[in-house]
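K.L.:
Below you will find the structure I want to go over with you.
The values are calculated or read from the model by the stated rules, or taken from the named source; none is laboratory data. Computed from a prediction, not measured in an experiment: that's the story for all the values here. Cβ sites come from the backbone with ideal geometry, for glycine too, and all protein chains shown count toward neighbours. Just the protein is used for accessible areas: all its heavy atoms, side chains included, with ligands, DNA and RNA removed. Shrake-Rupley method; radii C 1.70, N 1.55, O 1.52, S 1.80 Å.
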Amino acid sequence: MPTDQSFAAAPAAGQIAPPALAAMANAIRVLAMDAVEAANSGHPGMPMGMADVATVLAAQFLKFDPASPGWPDRDRLVLSAGHGSMLLYALLHLTGYARPTIADIRNFRQLASPCAGHPENTHLAGAECTTGPLGQGLAMAVGMALAERHVNAEFGDALVDHHTWVIAGDGCLMEGINHEAIGLAGHLRLGRLIVLWDDNRITIDGPVSLSSSEDVAARYAAAGWHVTRCDGHDFADIARAMAEARADPRPSLVACRTIIGKGAPNKQGGSGVHGAALGPAEVAAARASLGWDAPPFAIPAAIGAAWRALGAPGAAAHAAWQARLAEHPRKTEFAARIAGTLPDLSAAKATFAGWLTGAQSLATRKASEMALEVLTPLVPAMVGGSADLTGSNNTRTKATGPLTADDYAGRYVSYGIREFGMAAAMNGMALHGGIIPYGGTFLVFSDYCRNAIRLSALQKARVIYVMTHDSIGLGEDGPTHQPIEHVMSLRLIPGLEVFRPADIIETAECWRLALENAAGPSVLALSRQNLPQLRHEGEMLSARGAYRVRAAKAARRVVIVGTGSEVSIACAVREALEAQGVGADVVSMPSMSRFRAQNGAYRAELLPPDALKVSIEAGVTHGWEAIVGDAGLSFGIDSFGASAPADVLYAHFGLTAAQIAPRIIAALATFEGVATP
Ligand SMILES: Cc1ncc(C[n+]2csc(CCOP(=O)(O)OP(=O)(O)O)c2C)c(N)n1
Ligand SMILES: [Mg+2]
């Protein structure tokens, strides 16, 4: 029997009389309005409106242990309507989590408080994910619910048996990503996902009716969801709807009809209460109408005690879970999976080292597939997928069978044509724990994923994006499909590792680096077209971001830096220069950020001041000034691409050795005239 069903039936839960529940809910309301008042910024409306729903959730349904926010089998609570962050902070504080303290709440929205404007998983252990960009919390929750089923399928009910609860607003349901997320959840029948919709019919600009006349319930039903409703201010009705949702085998939407800002007598029900402090007069009026005499940030003892008592069933469930874990034959493996520890990769390292002796001309997307064939059997946490481009992204391996509603043990997700939904779900999977997700699409569609990629980085989530067809080298599909600004613009996202490997050897190295990058996301930008193998020696040279792949024969006057498919072009340019007696190094730079993090000596050794520095990358030249300097040359594409075969396009955009070498020779005279007067 699923263990958290017995948890739900625990006698302590559900036995609190409604008057006491009302007082407990008012504690959330008062903390929210007091914190927003102190900060003179924030959003009181949502926490006050959803206080009753959140109280029933914590009192009767949510499986949590305040002493152990990271307990792997806790229910996940995702506050998708992240602007209502005070709801989460109040819940965590009242139920007895170590943080936030009342001092933290007093410092709501101030530097160094874990109570940031919107919940941030890196600031607060009880925040499952970082939310605020509307719609993405719910979409991440889909990934968490999927992760729960997958890890359950592997380790069983004794260790993995929890629910994912989401508090979402009108905005989360209106965003386009909602369509992708619920389609995926319905298809995969993620019955342990329950969305509590704050159906208050208000957004910032006013009533929802200003902008929307959609039948949300019908849309969810059409996506295969169970839909129910409740009066979000009637404790019994809320509990009835939640119980119904939990019992239904489909993912559930509970439309909780609420009044935004409930408890603020003159402002409730209107959009003015969404995101502004109530002001001293309205706060006083709210206190009077709620019958709340305590001063700001003070919780009456009996109410505080009632809140803290809610943690007891979860603490007991956690203790029972610990006992089961201690007896479990795979406890060590489970702990390593949850911790995200990589297994021994020496077999993969040996295979990759063997490739050095070959001379394989391959697309790096194909090399990536070969690396994945080696890595996925060794790393069971890896769960792959693609947004309907499996045959192009080369993301599926023999070890990754289909993950479906009928077999959650599978390791390959068919995300469908849902790039943003895939990226957000992968964030949720990584944050849930037990999974290292990777997923593919065309690099040009990284823009569709972009805000989720940004959240991968902000949340320090190990998500690996396999982005193929990484330049005009994809050829005839034309400018709609040819990335131009993408590689450079992804490099702008702080904390995102962007790898653009040049051949099979670098591809294998970059895959290892991405896997070992436990505290952040990586993008692998991979070619459609074949690329010659450039390396026959050296181990993990990609780790420093850039290295000399060819040394000048004649006295070095030029250093040519390339990435990905342009490194082989750089090598051809070097040949042309050397033929004219001009010495040139070629530096391959699979990761610009890693190179820039190297010490000055290493950087100067690769890019010496007395050599003319040249970059070649089939994308925007913007950003390369930092590498080649003011006197350097950057060859790239500062317009959109075109529809033609790849080799025609490379010639059209001037990215051939025959076109680049003379321009370097021409520039050399000026450069050396200035550099060595
Ligand atoms: C992607 C995105 N777009 C816009 C915003 C700005 N924003 C924050 S809350 C909000 C209104 C949301 O309405 P609703 O979800 O109904 O919240 P409520 O007013 O009911 O609390 C908007 C537009 C955002 N946070 N994220
Ligand atoms: Mg609303």
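K.L.:
Please go through region 321-334 and give me each residue that is surrounded by fewer than 14 Cβ atoms within 10 Å (Cβ to Cβ) and either small (Gly, Ala, Ser) or touching a residue at least 24 places away in the same chain (Cβ under 8 Å) (or both), ordered by number.
P.N.:
Listed by number, the residues that qualify are ALA323, ALA326.
K.L.:
Which of the following residues is open to solvent by less than 10 Å² (accessible area, probe 1.4 Å) and at pLDDT 95 or above: ALA518, ALA502? Break it down stepwise before answering.
P.N.:
On the way: ALA518 fails: open to solvent by less than 10 Å² (accessible area, probe 1.4 Å).
Answer to the check: ALA502.
K.L.:
Contact list please: Cβ distance under 6 Å, first residue in region 254-271 and of a type in the set (Lys, Arg), second residue buried (at least 18 other Cβ atoms within 10 Å of the Cβ), pairs at least six apart or on different chains.
P.N.:
Partner pairs satisfying both residue conditions: ARG257/ASP199; ARG257/GLY232; LYS262/MET48; LYS262/GLY49; LYS262/GLN268; LYS267/GLY261; LYS267/VAL273; LYS267/GLU282.
K.L.:
Taking region 603-626, which residues are buried (at least 22 other Cβ atoms within 10 Å of the Cβ) and out of contact with any Lys or Arg (no Cβ under 7 Å at 6 or more places or on another chain)?
P.N.:
Residues satisfying the conditions are LYS613, VAL614, SER615, ILE616, GLU617, ALA618, GLY619, TRP624.
K.L.:
While we're on this one: Of the residues ARG201, ARG229, which is basic (Lys, Arg), on the phi > 0 side of the Ramachandran plot and open to solvent by 30 Å² or more (accessible area, probe 1.4 Å)?
P.N.:
One residue alone meets the criteria, ARG201.
K.L.:
Right, another one. Which one of THR480, THR441, THR507, THR468 is open to solvent by 10 Å² or more (accessible area, probe 1.4 Å) and not acidic (Asp, Glu)?
P.N.:
Values: THR441 fails: open to solvent by 10 Å² or more (accessible area, probe 1.4 Å); THR507 fails: open to solvent by 10 Å² or more (accessible area, probe 1.4 Å); THR468 fails: open to solvent by 10 Å² or more (accessible area, probe 1.4 Å).
From the options THR480, THR441, THR507, THR468, the qualifying one is THR480.
K.L.:
Residue under question is ALA22, and the condition is that it be over 23 Å from HIS123 (Cα atoms), in a helix (DSSP H, G or I) and open to solvent by 30 Å² or more (accessible area, probe 1.4 Å); does it hold? Spell out the reasoning first.
P.N.:
On the way: over 23 Å from HIS123 (Cα atoms): yes; in a helix (DSSP H, G or I): yes; open to solvent by 30 Å² or more (accessible area, probe 1.4 Å): yes.
Considered against the rule, which asks whether it is over 23 Å from HIS123 (Cα atoms), in a helix (DSSP H, G or I) and open to solvent by 30 Å² or more (accessible area, probe 1.4 Å), ALA22 comes out as yes.
K.L.:
Test of understanding: among GLY171, GLY186, which residue is within 16 Å of ligand 2 (Cβ to nearest atom), closer than 27 Å to SER209 by Cβ, more than 19 Å from the chain's Cα centre (by Cα) and not basic (Lys, Arg)?
P.N.:
Details: GLY186 fails: within 16 Å of ligand 2 (Cβ to nearest atom).
Being within 16 Å of ligand 2 (Cβ to nearest atom), closer than 27 Å to SER209 by Cβ, more than 19 Å from the chain's Cα centre (by Cα) and not basic (Lys, Arg) holds for just one of GLY171, GLY186, which is GLY171.
K.L.:
Can you tell me which residue in region 164-181 is surrounded by the fewest Cβ atoms within 10 Å (Cβ to Cβ), limited to those that are within 13 Å of ligand 1 (Cβ to nearest atom) and farther than 14 Å from LEU79 by Cα? Step through it out loud before you land on a result.
P.N.:
At the first step, the residues of region 164-181 found to be within 13 Å of ligand 1 (Cβ to nearest atom) are 166-178.
Narrowing further to those that are farther than 14 Å from LEU79 by Cα: 174-178.
Details: MET174: 16, GLU175: 20, GLY176: 11, ILE177: 24, ASN178: 25.
Ranking the candidates gives GLY176 first.
K.L.:
Scan THR357, THR376, THR351, THR332 and give me the residue that is within 22 Å of ARG149 (Cβ to Cβ), outside any strand (DSSP E or B) and among the hydroxyl-bearing types (Ser, Thr, Tyr).
P.N.:
On the way: THR357 fails: within 22 Å of ARG149 (Cβ to Cβ); THR351 fails: within 22 Å of ARG149 (Cβ to Cβ); THR332 fails: within 22 Å of ARG149 (Cβ to Cβ).
Step by step, each of THR357, THR376, THR351, THR332 is checked, and only THR376 is within 22 Å of ARG149 (Cβ to Cβ), outside any strand (DSSP E or B) and among the hydroxyl-bearing types (Ser, Thr, Tyr).
K.L.:
Return the residues of region 189-213 that are away from ligand 2 (no atom under 14 Å from the Cβ) and either in a helix (DSSP H, G or I) or over 30 Å from ALA147 (Cα atoms) (or both); say none if nothing qualifies.
P.N.:
SER213
K.L.:
For the condition open to solvent by 40 Å² or more (accessible area, probe 1.4 Å), touching a strand residue (DSSP E or B) at 6+ places or on another chain (Cβ under 8 Å) and at pLDDT 95 or above, what is the one hit in SER643, SER639, SER634? Give the derivation first.
P.N.:
On the way: SER643 fails: touching a strand residue (DSSP E or B) at 6+ places or on another chain (Cβ under 8 Å); SER639 fails: touching a strand residue (DSSP E or B) at 6+ places or on another chain (Cβ under 8 Å).
Answer to the check: SER634.
Each row is one residue, and each column tells you yes or no for (1) within 12 Å of ligand 2 (Cβ to nearest atom); (2) in contact with a Ser or Thr (Cβ under 8 Å, 6 or more places away or on another chain); (3) not in a loop (DSSP other than H, G, I, E, B).
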residue	(1), (2), (3)
VAL254	no, yes, yes
GLY263	no, yes, no
GLY272	no, no, yes
GLY275	yes, no, no
GLU282	no, no, yes
PRO295	no, no, no
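K.L.:
Could you run through region 335-348 and say how many residues are surrounded by 14 or more Cβ atoms within 10 Å (Cβ to Cβ) and part of a loop (DSSP other than H, G, I, E, B)?
P.N.:
4
K.L.:
For region 53-91: of the residues being open to solvent by 10 Å² or more (accessible area, probe 1.4 Å) and farther than 14 Å from TRP165 by Cβ, which is nearest to ligand 2 (Cβ to nearest atom)?
P.N.:
HIS83
K.L.:
Considering only region 511-525, I want to know if a residue exists there that is of a type in the set (Gly, Ala, Ser), over 16 Å from SER568 (Cα atoms) and in contact with a Ser or Thr (Cβ under 7 Å, 6 or more places away or on another chain).
P.N.:
Yes, the conditions are met somewhere in region 511-525.
K.L.:
Another question about this same structure. If you check ALA264, ALA315, which single one turns out to be touching an Asp or Glu at 6+ places or on another chain (Cβ under 8 Å) and open to solvent by 30 Å² or more (accessible area, probe 1.4 Å)? Write out each step before concluding.
P.N.:
Values: ALA264 fails: open to solvent by 30 Å² or more (accessible area, probe 1.4 Å).
Answer to the check: ALA315.
One line per residue, one yes/no per condition, for (1) closer than 30 Å to GLU154 by Cα; (2) among the hydrophobic types (A, V, I, L, M, F, W, C):
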{"position": "ARG418", "(1), (2)": "yes, no"}
{"position": "VAL444", "(1), (2)": "no, yes"}
{"position": "ASN451", "(1), (2)": "no, no"}
{"position": "ALA457", "(1), (2)": "yes, yes"}
{"position": "HIS469", "(1), (2)": "no, no"}
{"position": "GLN482", "(1), (2)": "no, no"}
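K.L.:
For residues that are within 16 Å of ligand 1 (Cβ to nearest atom), open to solvent by 10 Å² or more (accessible area, probe 1.4 Å) and of a type outside the set (Ser, Thr, Tyr), tally how many sit in region 30-51.
P.N.:
First, the residues of region 30-51 that are within 16 Å of ligand 1 (Cβ to nearest atom): 32-33, 35-36, 41-51.
Still in the running and open to solvent by 10 Å² or more (accessible area, probe 1.4 Å): 41, 43.
So of that shortlist, the ones also of a type outside the set (Ser, Thr, Tyr) come out as 43.
Of the residues in that region, 1 qualify.
K.L.:
Does ARG574 count as open to solvent by less than 20 Å² (accessible area, probe 1.4 Å), of a type in the set (D, E, K, R), out of contact with any Cys (no Cβ under 9 Å at 6 or more places or on another chain) and over 23 Å from MET540 (Cα atoms)?
P.N.:
Numbers: open to solvent by less than 20 Å² (accessible area, probe 1.4 Å): yes; of a type in the set (D, E, K, R): yes; out of contact with any Cys (no Cβ under 9 Å at 6 or more places or on another chain): yes; over 23 Å from MET540 (Cα atoms): yes.
Answer is yes for this residue.
K.L.:
Taking SER289 and the conditions (1) assigned to a helix (DSSP H, G or I); (2) under 23 Å from SER85 (Cα atoms); (3) over 39 Å from the mean Cα position of the chain (by Cα), which numbered condition does it fall short on, given that it satisfies the others?
P.N.:
(2)
K.L.:
Can you tell me which residue in region 191-211 is farthest from ligand 1 (Cβ to nearest atom), limited to those that are of a type in the set (Gly, Ala, Ser) and without any contact (Cβ under 8 Å) to a residue 40 or more places away in the chain? Working first, answer last.
P.N.:
So the first thing to find is which residues in region 191-211 are of a type in the set (Gly, Ala, Ser), and the list is 191, 206, 209, 211.
If we keep only those that are without any contact (Cβ under 8 Å) to a residue 40 or more places away in the chain as well, we get 209, 211.
Numbers: SER209: 12, SER211: 10 Å.
Top of the filtered list is SER209.
K.L.:
A further question on this structure: Go through region 128-163 and give me each residue that's within 16 Å of ligand 1 (Cβ to nearest atom) and at negative phi.
P.N.:
Going through region 128-163, the residues within 16 Å of ligand 1 (Cβ to nearest atom) turn out to be 129-141.
Residues satisfying the conditions are CYS129, THR130, THR131, PRO133, LEU134, GLN136, GLY137, LEU138, ALA139, MET140, ALA141.
K.L.:
While we're looking at this one, here's another question. Could you tell me whether region 98-108 includes any residue that is part of a helix (DSSP H, G or I) and either among the hydroxyl-bearing types (Ser, Thr, Tyr) or without any contact (Cβ under 8 Å) to a residue 12 or more places away in the chain (or both)?
P.N.:
Applying the first criterion (part of a helix (DSSP H, G or I)) to region 98-108 yields 102-106.
From what is left, the residues that are either among the hydroxyl-bearing types (Ser, Thr, Tyr) or without any contact (Cβ under 8 Å) to a residue 12 or more places away in the chain (or both) are 103.
Within region 98-108, one or more residues are part of a helix (DSSP H, G or I) and either among the hydroxyl-bearing types (Ser, Thr, Tyr) or without any contact (Cβ under 8 Å) to a residue 12 or more places away in the chain (or both).
K.L.:
Then there is this: Can ARG454 be described as open to solvent by 10 Å² or more (accessible area, probe 1.4 Å) and touching a Ser or Thr at 6+ places or on another chain (Cβ under 7 Å)? Full working, then the answer.
P.N.:
Numbers: open to solvent by 10 Å² or more (accessible area, probe 1.4 Å): yes; touching a Ser or Thr at 6+ places or on another chain (Cβ under 7 Å): no.
So ARG454 does not fit the description; no.
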